[in-house]
Amino acid sequence: MLLNSVILVLREVLEAAMVVSLFMAFTTVSQQSRRFLIKAILLGLIAGATYAYFLPEVSNWLEGVGQEITNTAIHIGIYCCLTVFLWLISRDINLPNQLVKGMMMTAIILAISRESAEIMLYISGFRSDHFLMQSVLSGSLIGLGIGVSCGIFLYHLMIALKPAPAAKCICILVVIVGSSMMSQATQFLIQADWLASSNPVWDSSHLISEHSLPGQLLYALMAYEATPTWSQILVYLTSLLLMLIVIVSGRFSRSIQHD
Amino acid sequence: MKSIRLYLLLILVATLILVMFVSLLKGYQSSIETAQDLFDERLVNTAELIASANVAQTTSDSAQSPTSDYLFFQIWDAKGQLLTRSSTAPHIALSPFKKGFYDVNFNGFRWHNYVYPDPQLQRWIIVGERSDVRSSMAEDIVLATILPAFFGIVIAAILIWWLIGTGLKPLKNLSRQLASKQADDLKPIQLADLPIEMSQLVKIINQLFWRLDQSFQREQRFAADAAHELRTPISALQIHLHNLRQTYGDDSEDWQLMQASVDRMGHLVNQILMLYRTAPEQIAAKDESIDLYKITSDVIARDYQQFEKRQQHVELIGESAMMQGHVFALETLLQNLLNNASKYAPANGHILIQVHPTEKGVRLIVEDDGPGIPADQYERIFDRFYRYQNENSDLQLPGCGLGLAIVQHIIEMHHADIKLTNSAFESGLKVVIDFPAALNK
């Protein structure tokens, strides 16, 4: 049970930590105040608690697939925010621009609300079993600790770079994280039977298991699946390409404006 | 990076958590495996024990009472007939008759079984334990070793916080010494037990202080030399000009302009020297107790001629007001303020000076009935060489734009506050200065 808790919590925390760390690093590189990000984290936690509270009801929507569809919508929302964020910064519209702030805050609120709701719901499921609760809490604490530590390392790694390469690295990681959000949205749609499930294209579990720490890190970064389907691969690559096109077109329109 | 201490704490605790938790997970996995091996060994022992305790070769219908709810056993003869069983066990064989461990489902639970062939009595003993109970017991044992690690991390974080604070103490002492230094204190920094990492930094700072001190001394010498070298020829020029006018009896506009230019040059040199002398780096306010009212009255008396020349009415209101300050600097401040007031007030105009003791120190107010200054210019007029020229006035007043910059220096030196507003007259400027009673160095 401890191991299961570690995996579940680590998976959720890493995902949110990745988004928060990248934006924190971006704010530091831009020499702006990080207060609005703290606000977004707190708002995300409140939204997560609210979502967790209504989750049993949400699950009953759409003939029992309400949770999957809501999660899909949240992931698509995060992807859209990250794409607009990339478009703005590639057009040289930076902080403290309100739209950039708004996109960053929305992405964080959405990411934290979904991930924290999953964790809260998972832990609350063991309320009646005191013995298991101890294992679950210990596992959750370990998962939380590893996830937050990875986020802190990512943040310091980014700010250790010079501003220009740091901004580039952040953009690349945002593209990868954004595409992973869409890949996860596809997984939810497959779970909800809104997308047809197909045979896995490959099986790399013997190389990197989904349940190992590297597997979890890769999952948070790029929605790593040892047995992905064609639809997941297709959506992942399309989202990645779309974000890259957004960056290139943003830069192009900036250069036209400068000319 | 806002705080080195916070940065180090975060990064060290994150490293500690990451390394410790990953090790804990690895330890947990291998401990669970070891515990499972131990439970398997216990299952084998139980099977052997049951075999030695049950030697009857006849079938018995009555099930034996179980040792516990999560354990069962069955004894089968070589022909596959059930000889006896625990009450928790069914009538069918729960595993194939082949030595080894098996996992099966029955009675709503997952069971881990061991099949033991009894070589002496040619029987099969099947012993099983509930898998969830085995896992719980294993986890219970392992958790007892994990839980102290959480408290360990909290204690480690507190210790790291304290140790970083101790490690950064020399840096704190250095910054405290630098912060407490007066503007004119350029003595080298002395810190005991300096760590190697900081000795180079302190050495460079001390070298910088030495160079700064040398440069100030050079500047002081230059100022003294310049005062001597520039004042003397300007005074000579003024005398020669006066003599020439006497000799030629010419009072044409050219002569007057030349006289005004030489006067302005003399004033400019004096003001530049004064600006330099009153700079906070050059002069520190002494803890000298003075009566600002008396100083003001002395300055007015000394400079009364300039007011009289323009038939201006000067009024001093107030009472004795004691404060700590630098007499020479305060006289210069008053001279500049009064000079400005006299310059901008019209002929027959009014200049009102008030000096009063206040709760926190002394308040000096100088106001005139001149044209005044718009509020948006209040900050700029303290800039060096900046002169405000009223757009509605054709009046070209002499001056070099250094008077209020000098005032600003003296204000800073005395840690005083200065405010500019409209005067109580129909028009004009009001300067309010609040001096603290004592100088907090």
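No value in this document is a laboratory result; all are computed from the given coordinates. Treat the numbers as computed from the prediction; the structure is a model and nothing was measured. As a convention, Cβ positions derive from the backbone with ideal geometry for all residues, glycine included, and neighbour counts pool all protein chains shown.
Points worth noting:
- Shielding value for A:134-141 is 4, the average number of Cβ atoms from other chains within 10 Å of each residue's Cβ.
- Alpha-carbon Rg/Rh ratio, for chain B, with Rh computed the Kirkwood way: 1.53
- The GluC sites (Glu not before Pro) of the stretch B:292-338 that meet both conditions, a loop assignment by DSSP and at most 13 other Cβ atoms within 10 Å of the site Cβ, are B:Glu319.
- Taken residue by residue and averaged, Cβ atoms of other chains lying within 10 Å of the Cβ of A:5-13 number 1.
- Residues whose placed amide H lies under 5 Å from that of B:Val362, excluding near-sequence neighbours: B:Phe435, B:Ala437
- In terms of surrounding Cβ atoms within a 10 Å radius of their Cβ, B:Tyr114, B:Tyr304, B:Tyr70 rank from fewest to most as B:Tyr304, B:Tyr70, B:Tyr114.
- Sorting B:37-46, A:169-178, B:231-240 by their mean Cβ neighbour count within 10 Å, with the most densely packed peptide first, gives A:169-178, B:37-46, B:231-240.
- For the options B:Ile11, B:Ile418, B:Ile365, a Gaussian network treatment of chain B with springs between C-alpha atoms closer than 10 Å singles out B:Ile11 as fluctuating the most.
- Members of B:Lys360/B:Lys430; A:Lys162/B:Lys26; B:Lys294/B:Lys419; B:Lys187/B:Lys294 lying beyond 31 Å, as alpha-carbon distances in this model show: A:Lys162/B:Lys26; B:Lys187/B:Lys294
- Whole-Hz couplings from phi, Karplus 6.51/-1.76/1.60, listed for the stretch B:114-123; x for Gly and Pro: 10, 9, 10, x, 7, x, 6, 9, 6, 10
- Counting every other Cβ atom within 10 Å of each residue's Cβ, A:Val136, A:Val19, B:Val431, B:Val154 order from fewest to most as B:Val154, B:Val431, A:Val136, A:Val19.
- Couplings 3J(HN,Hα) of the stretch A:130-139, computed from phi: 5, 5, 5, 4, 4, 5, 5, 5, 4, x Hz, in residue order, whole Hz [Karplus 6.51 cos²θ - 1.76 cosθ + 1.60, θ = phi - 60°; x for Gly and Pro].
- Here the Karplus relation 6.51 cos²θ - 1.76 cosθ + 1.60, evaluated at θ = phi - 60°, turns the backbone of the stretch A:99-114 into coupling constants of 5, 4, 4, x, 5, 5, 5, 4, 4, 5, 4, 5, 4, 5, 4, 5 Hz, with x for every Gly and Pro.
- Shielding of peptide B:2-13 by partners, expressed as the average count of other chain Cβ atoms within 10 Å per residue Cβ, is 1.
- Dipole axis of the stretch B:4-161 (+1 Lys, Arg; -1 Asp, Glu on Cβ), positive-most option in B:Ser23, B:Leu49, B:Ile146: B:Ser23
- In units of the rule-of-thumb radius 2.2 N^0.38 Å, the protein assembly as shown shows an alpha carbon radius of gyration of 1.63.
- Cβ crowding within 10 Å, taken as a proxy for footprinting-reagent exposure, orders B:Ser86, A:Ser59 from fewest neighbours to most as A:Ser59, B:Ser86.
- Amide H contacts of B:Gly318: B:Val355, each under 5 Å away and 5 or more positions distant or on a separate chain (H built 1.01 Å from N in the peptide plane; Pro and chain starts excluded).
- For the stretch B:196-275, size of Cβ-based charge dipole, Lys and Arg +1, Asp and Glu -1, in debye: 440 debye
- Charge dipole (the protein assembly as shown, unit charges on Cβ, about Cα centre) - positive-most of B:Leu38, B:Ala260, A:Ala47: B:Leu38
- Straight-line reach from A:Lys101: taking Cα to Cα under 17 Å and skipping same-chain neighbours fewer than 8 places apart, the lysines in range are A:Lys39.
- In the frame of its principal axes, the stretch B:196-275 has Cα extents of 78, 18, 13 Å, reported largest first.
- Distant-in-sequence amide contacts of B:Phe106, defined by a placed amide H-H separation under 5 Å and a gap of 5 or more residues or a different chain, comprise B:Trp111.
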